[in-house]
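These notes are about the structure you will find just below.
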Amino acid sequence: MVRLADLPPAQAQRLAAFDCPNFATEPWVTGPPLSQRRVAIVSSAGLLVRGGMPFRGRDPDYHTIPPGTRPDDLLISHVSINFDRTGFQEDWNVVFPIDRLNELAAEGTIGSVADVHYSFMGAAEPDLIEPHARELAGRLKQDKVSAVLLAPV
Amino acid sequence: MSALGHYLEEDGIATVAISLIRPQTEKTRPPRALWVPFQLGRPFGPPGEPAFQRRVVLAALRLLERKAGPVIIGDFPDDDPREKADPSWRPPSLPAVLADRTPSGFAARLDAEIPLLAGLHRRWTAEHGRTSVGLSGLPMREIGGYVGEWLQGREPPSPNDGFSPLLLLRFAADDLKAYYLEAGAAEPSKPSSRQLYDWFWKTTAAGAALIALRHTLLASDSERVKLIAGNFLVPPPYVPSTDRPMTIGGPSMGPWQPGQ
């Protein structure tokens with residue numbers, strides 16, 4: 001678990017002191033009830049569909065995860081080796097909870113699930129990600145997505 | 001991740017982020033985040049536990065209905081039950097690692113060990129309907145040879161267009177680890193990540209070969225080779241104390257300890 005109190009003091013200090021982006025604004029978008037939301041997953045696990053070009057180094061762009069992607073199609077190409085991959089190997093929902101979203105949509109708890117999902121690679125520099133994220137926002141709007149579930153590793 | 005939430009929300013898309021490291025989320029202040037007390041790599045909790053995963057997903061999505069923002073940071077209360085070691089798990093039976101600690105000795109043992117796990121890996125793939133091996137595009141029988149070439153001081157050409165030899169080495173190492181970790185979990189028991197990683201890094205010829213490879217490549221004249229070797233082959237908890245630890249920055253690159 002990542003509770004700082006459970007980590008060795010030096011590790012906890014490094015994590016707590018990590019350099020993070022400091023934004024001047026605090027954007028806030030409201031929307032309809034959950035039962036009317038269309039939800040997409042945006043991962044930062046460096047996910048790609050088998051056969052595609054894996055993320056290299058700190059590539060700041062994103063990959064699409066198209067409709068019909070099966071569990072055997074999805075790979076992790078995140079550059080970091082400092083996180084567990086055995087959970088994803090056993091069950092893709094640990095990183096990409098598409099089955100859970102589909103169940104929530106089927107029972108009406110959420111409105112629908114987006115056709116296309118996306119993945120960045122979390123080690124990329126935030127300022128280099130920004131133009132790609134803004135371009136992605138346009139695609140999400142075209143797909144009428146009204147909620148994004150952001151999933152790190 | 002929090003930065004992505006900021007950008008998307010600025011452009012009109014409501015977001016909620018899973019947070020694995022709460023102090024970083026507190027600094028970045030995304031519109032909404034759910035902190036979860038799980039190990040890095042498991043944002044939605046334990047594998048094979050759909051009811052638990054559903055609670056995590058729903059707890060995150062419910063933050064979208066809260067009015068008191070920005071910023072909202074919620075806390076998920078429950079630990080990942082699969083972080084606990086499974087005492088019934090038995091690692092695959094492999095010959096003890098090796099007296100010959102020369103580069104060619106490591107390479108030969110690696111080459112001999114990979115096929116020993118083929119049956120278990122087939123079982124894993126049949127049971128789970130998938131494998132996460134595949135980044136390098138090389139068949140497993142060639143991966144050992146490719147890593148072995150590097151171990152012995154050669155830089156073999158990349159057989160895959162678009163991948164430099166060094167990039168292919170990184171992906172081949174990732175495939176090697178995935179193959180072993182899947183084969184190691186092929187039995188019906190439920191090993192924790194810590195059990196699997198300890199087995200791989202402390203007992204297998206593949207783990208020993210990657211640790212030796214890291215050591216060898218850190219003596220390279222190429223800064224790029226040293227960067228890849230130092231940061232992307234062996235997780236810090238398994239780097240021998242005699243080797244120089246290396247870490248580079250990045251939100252997902254904090255120190256990591258596998259589960260129990």
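Bear in mind these aren't lab numbers, they're just calculated from the coordinates by the rules spelled out. Everything numeric in this text was worked out from a predicted model, so none of it was measured. Note: ideal-geometry Cβ built from the backbone for every residue, glycine included; neighbour counts use all protein chains shown.
See the values below:
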read-out: Value of Rg/Rh across the protein assembly as shown [Cα atoms, Kirkwood radius]; value: 0.96
read-out: Mean ellipticity per residue at 222 nm, deg cm²/dmol - from DSSP H runs of n ≥ 4 across chain B, formula -39500 (n - 2.57); value: -14000 deg cm²/dmol
read-out: Within straight-line cross-link reach of B:Lys67, lysines at Cα separation under 27 Å, skipping those fewer than 8 residues along the same chain; value: A:Lys141, A:Lys144, B:Lys27
read-out: Relative contact order [Cα under 8 Å, 6+ residues apart], the range A:34-151, whole percent; value: 50 percent
read-out: Principal-axis tilt of helix B:50-62 within chain B, Cα atoms, nearest 10 degrees; value: 50 degrees
read-out: Contact order relative to length of chain B, as percent, for alpha carbon pairs under 8 angstrom and 6 or more apart; value: 18 percent
read-out: On Cα atoms only, tilt of B:165-184 relative to the major axis of chain B in degrees; value: 80 degrees
read-out: Most fluctuating residue given options B:Asp161, B:Asp80, B:Asp174, as computed from a GNM of chain B linking Cα atoms under 10 Å; value: B:Asp161
read-out: Proximal charge balance of A:Gly122 [Cβ under 15 Å; K/R count +1, D/E count -1]; value: -3
read-out: C-alpha center-to-center spacing [the range B:160-236, the range B:24-80] in angstrom; value: 30 Å
